Amino acid sequence: MRYEDVDQVVEIERRSFPTPWSRQAFVSELRDNAYAHYLVARLDGRVIGYAGMWVLLDEAHITNLAVHPDYRRRGIGSRLLRELERQAASRGARRMTLEVRPSNAIALHLYEKHGFRACGRRPRYYADTDEDAII
């Protein structure tokens, strides 16, 4: 992900999540967070998906992953996740974690397909709905 991608990423974020990250949050991740690694999927020069993670020591934590609504169900999310996994391993990560809403069946299916398994819950993690997060 480059700075010039951020506006398109924010548009996908806004269309994908009830409480989207701000433009400044993405800029800060790119500029200020040495642990952050973000990538985008492009089609004809347009950003159609993105994913991000933090890699600390031997663990990678997925911060976000989203695909533009017009391009979902085409394997783009899987390709982004595979690339995160590849990049995490190349940076020394031996495991990955993330939080996901129990109501997000599509994301749960994607992560399960990639071998992720639930290992806990964070009660009322999502402040916008008081929904738990599955770890």
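The values are calculated or read from the model by the stated rules, or taken from the named source; none is laboratory data. Bear in mind the structure is a predicted one, so any value in this text is a computation, not a measurement. Don't worry about glycine lacking a Cβ; one is built from the backbone with ideal geometry, like all the others, and counts go over all protein chains shown. Surface accessibility is based on the protein's heavy atoms, side chains included, excluding ligands, DNA and RNA. Shrake-Rupley method; radii C 1.70, N 1.55, O 1.52, S 1.80 Å.
If each DSSP helix of 4+ residues adds -39,500 (n - 2.57) and the sum is divided by the residues in the chain, what number results at 222 nm, nearest 500 deg cm²/dmol?
So the helix-based figure for the chain works out to -10000 deg cm²/dmol.
Convex hull over the alpha-carbon atoms of the range 1-59: what's its volume per residue in Å³?
Numbers: hull volume 5.1 nm³, N = 59.
For the range 1-59, the hull spanned by Cα atoms encloses 86 Å³ per residue.
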Which of these, GLU11, GLU112, GLU29, has the largest mean-square fluctuation under a Gaussian network model of the chain (Cα springs below 10 Å)? GLU112
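Based on the mean of other Cβ atoms within 10 Å per residue, sort peptides 121-129, 101-109 so the most packed one is first. Can you show the working numbers first?
Working: 121-129: 11.7, 101-109: 13.6.
Answer by packing, highest mean first, reads 101-109, 121-129.
DSSP loop (so not H, G, I, E, B), at most 16 other Cβ within 10 Å: list which chymotrypsin sites (Phe, Trp or Tyr not before Pro) in the range 21-74 pass both filters. Intermediate results must be reported in sequence, preceding the final value.
Working: sites: TRP21, PHE26, TYR35, TYR38, TYR50, TRP54, TYR71; in loops: TRP21, TYR35.
Passing both the DSSP loop test and the Cβ count: TYR35.
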Rounded percent of accessible protein surface that carbon and sulfur make up, the range 15-135, 1.4 Å probe: 49
Could you check the spin-label model distance between GLU99 and GLN24? Points 7 Å from the Cα along Cα→Cβ, value in nm. 2.1
If you consider only alpha-carbon coordinates, what radius of gyration and Dmax does the chain have, in Å? 14.3, 41
The chain: most fluctuating residue of ALA60, ALA34, ALA51 per GNM, C-alpha cutoff 10 Å: ALA34
Checking ASP44, ASP58, ASP32 against a Gaussian network model of the chain (alpha-carbon springs below 10 Å), the top fluctuating residue turns out to be ASP44
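If I stretch the segment between GLU112 and SER90 completely, what's the gain in nm (0.36 nm per residue apart, minus their alpha carbon distance), one decimal?
Working: separation 22, 0.36 × 22 = 7.92 nm, distance 2.20 nm.
Using 0.36 nm per residue and subtracting the Cα-Cα distance, I get 5.7 nm.
Report the relative contact order of the chain, percent, no decimals, based on alpha-carbon pairs under 8 angstrom and at least 6 residues apart. Please report the intermediate quantities before stating the final value.
Values: 206 pairs, mean separation 23.6, N = 135.
About 18 percent, as a whole number.
In Å², what does the accessible area per residue of the chain work out to with a 1.4 Å probe? Show your work: numbers first, answer last.
On the way: 8070 Å² over 135 residues.
Heavy-atom SASA per residue in the chain reads 60 Å².
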Order by accessible surface, 1.4 Å probe, largest leading, for residues ARG79, ARG14, ARG72 comes to ARG79, ARG14, ARG72
